[in-house]
Amino acid sequence: MVARIIPVDSFDLIVFGGTGDLARRKILPALFKRFCGGQMPGESRLIGVARRELDDLGYRDFVRSALSEFAGEAAFDTVAVNAFCDMLHYVSVDARGDRGWQALGEMMIPDKVRAFYYSVGPSVFSDLSERLHKYGLVDEQTRIVVEKPFGHDLDTARALNRELARHFDETQIYRIDHYLGKETVQNLMAVRFGNMLFEPLWNAQYIDHIQITVAETVGVSGRGEYYEKAGAMRDMVQNHLMQLLCLIAMEPPSFFEPNAVRDEKLKVIRALDSVQPHHLVRGQYTAADGFNSYREDVDNPRSKTESFVALKCHLNNWRWAGTPFYLRTGKRLNEQDSEITVVFKDTPHSIFGPEAGRHRNELTIQLQPDEGITLGVTIKEPGQGGMRLMDVPLDMSFAETLGPDAHTPDAYERLIMDVIRGNQTLFMRNDEVEAAWAWTDPIIRGWEARGDVPKPYDSFSAGPDDAALLMRRDGREWRGITH
Ligand code: BG6
């Protein structure tokens, strides 16, 4: 099955931080793949902007090497790479001064879609926004894209939102959470709201609990300075896991339309109850053969920052009253595994008696690796006397079901093209981000006030044992990576 391509008019994407890590790893390869997919019409341009002195040719060389490193097999197509590079330009500017801005302004073409990607730290957002206005670079067709971290807490997020609102209308601001661009995450909405099958059961009456795991094998080396100030709670839970929780728990929006979807997500975040300290587990990885400990990675022997967090939370609303949500995420765990499992309740009465065993339906949404959705169904164990039951998966692995030609776009491919199309559905609104911080802040302040020290856990394990206990105390077990 070949993906349907929605055509766009030609556009300009201007990347501040055009020589940075995010541009190299994600933005440039994503745009190149969309170019190969026929979604970058002839007059489009990608303009890299950074402080470094470079000309167009120098930038094209830089991009070529980024593509060969991060664009996979597509980068072997030298004809495509050359044609893509012809669309690239470079302007050197001083983000905090005046150098280069006029030249950038002179390149702008009225009425063409113009997206400014702020692939830089939030401390420069304000300088960039001011200069975009001062040099007349903002028009009706202008939009800006900003990346996480969007604030460090509620106050800083509010200040950032206020600052951006001084310069841009909310409809021009695209706050990226790349988890929303992942194909399976969007599929979650398709499965929930495109089928009659699940929605009638999608509530506390039929669902025992929901668990979300985002486990990574990588540590934090190379990002220690940022991570030490963030920790797993700010780096992953406040944004990525929160977004997954929203999509799982929200009411059906009236349309798949930006504000309808975001209104429903906001209601979920606002319905989140505060988390009890005994429902929280924090961990920090220790050294393994040839691998540093967390504290070595961040060069802080006394660090109290968590590289792992697990928690249990509840939503205060009719649909979910009484259904716990368990969230866990961590670095340097035994497998890369991101999945959401919806565990349904037992049947009200087992007609097959105790020897049939306990069987529950489970819906697993596997985000990575091997994206797919599996529904566990109980059937009769074949060939056995009596009636013994077993669980079998109704499996929809995307790679197998959709065939080898189905291109699953990288999250950034989808999100950048949505910016160009002017579709904000998969981007976070100002109030959503603030509500997520309003829930996260007291948790972090709580453990700071208690002087909490994260539990050490072995590198390449499933995290601290307390995370398993959090579940076992409730008679439940984690799915996915196990202890
Ligand atoms: C980023 C976090 O937002 O997401 C990283 O800052 C994390 O710490 C990454 O590794 C995970 O993204 P993905 O797409 O690899 O699951």
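The values are calculated or read from the model by the stated rules, or taken from the named source; none is laboratory data. All figures in this text were calculated on a predicted structure; none of them were measured in a lab. Cβ sites come from the backbone with ideal geometry, for glycine too, and all protein chains shown count toward neighbours.
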Considering residues of region 216-241 that are in a helix (DSSP H, G or I), in contact with a helix residue (DSSP H, G or I) (Cβ under 9 Å, 6 or more places away or on another chain) and modelled with pLDDT under 95 only, the residue nearest to the ligand (Cβ to nearest atom): TYR226
Hits in region 133-170 - residues which are surrounded by fewer than 17 Cβ atoms within 10 Å (Cβ to Cβ) and touching a Gly at 6+ places or on another chain (Cβ under 8 Å): GLY136, ARG158, ALA159
Which numbered condition LYS229 fails, given (1) under 22 Å from ASP441 (Cβ atoms); (2) surrounded by 15 or more Cβ atoms within 10 Å (Cβ to Cβ): (2)
Subset of region 172-203 that is among the β-branched types (Val, Ile, Thr) and modelled with pLDDT of 95 or more - its residue that is surrounded by the most Cβ atoms within 10 Å (Cβ to Cβ): ILE176
Tabulated pairs, region 226-255, first of a type in the set (Ser, Thr, Tyr), second assigned to a helix (DSSP H, G or I) and within 12 Å of the ligand (Cβ to nearest atom), C-beta under 8 angstrom, 6+ apart or interchain: TYR227/ASP235
Checking VAL392 against (1) within 23 Å of TYR179 (Cβ to Cβ); (2) modelled with pLDDT under 90, the condition it does not meet: (1)
Members of region 310-349 that are under 17 Å from ASN203 (Cβ atoms), assigned to a strand (DSSP E or B) and aliphatic (A, V, I, L, M): LEU315, ILE340, VAL342, VAL343
Residues that are in a helix (DSSP H, G or I) and crowded, with 19+ Cβ neighbours inside 10 Å, drawn from region 280-304: TYR294, ARG295, ASP297
Residue that is nearest to the ligand (Cβ to nearest atom) [pool: residues in region 159-183 that are in a helix (DSSP H, G or I) and acidic (Asp, Glu)]: GLU183
Residue check, VAL124 among the aliphatic types (A, V, I, L, M) and farther than 30 Å from GLN368 by Cβ: yes
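Every residue, every condition in (1) in contact with a Ser or Thr (Cβ under 8 Å, 6 or more places away or on another chain); (2) small (Gly, Ala, Ser); (3) under 28 Å from VAL8 (Cβ atoms), yes or no:
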residue	(1), (2), (3)
SER92	no, yes, no
ALA103	no, yes, yes
ASP111	no, no, yes
LEU132	yes, no, yes
Residue in region 121-129 that is of a type in the set (Val, Ile, Thr) and closer than 17 Å to GLY48 by Cα present: yes
Residues of region 144-158 classified as free of Cβ contacts under 8 Å to residues at least 60 places away in the same chain and more than 16 Å from the ligand (Cβ to nearest atom), total: 3
Sole residue being at pLDDT below 95 and not small (Gly, Ala, Ser), chosen from ARG34, ARG64: ARG34
Count - residues of region 186-215 that are more than 10 Å from the ligand (Cβ to nearest atom) and within 16 Å of the chain's Cα centre (by Cα): 6
Output for region 308-364, where each listed residue is more than 16 Å from the ligand (Cβ to nearest atom), crowded, with 19+ Cβ neighbours inside 10 Å and basic (Lys, Arg): LYS312
Residue under evaluation TYR206, criteria (1) farther than 29 Å from GLN336 by Cα; (2) among the hydroxyl-bearing types (Ser, Thr, Tyr); (3) modelled with pLDDT under 95, criterion not met: (3)
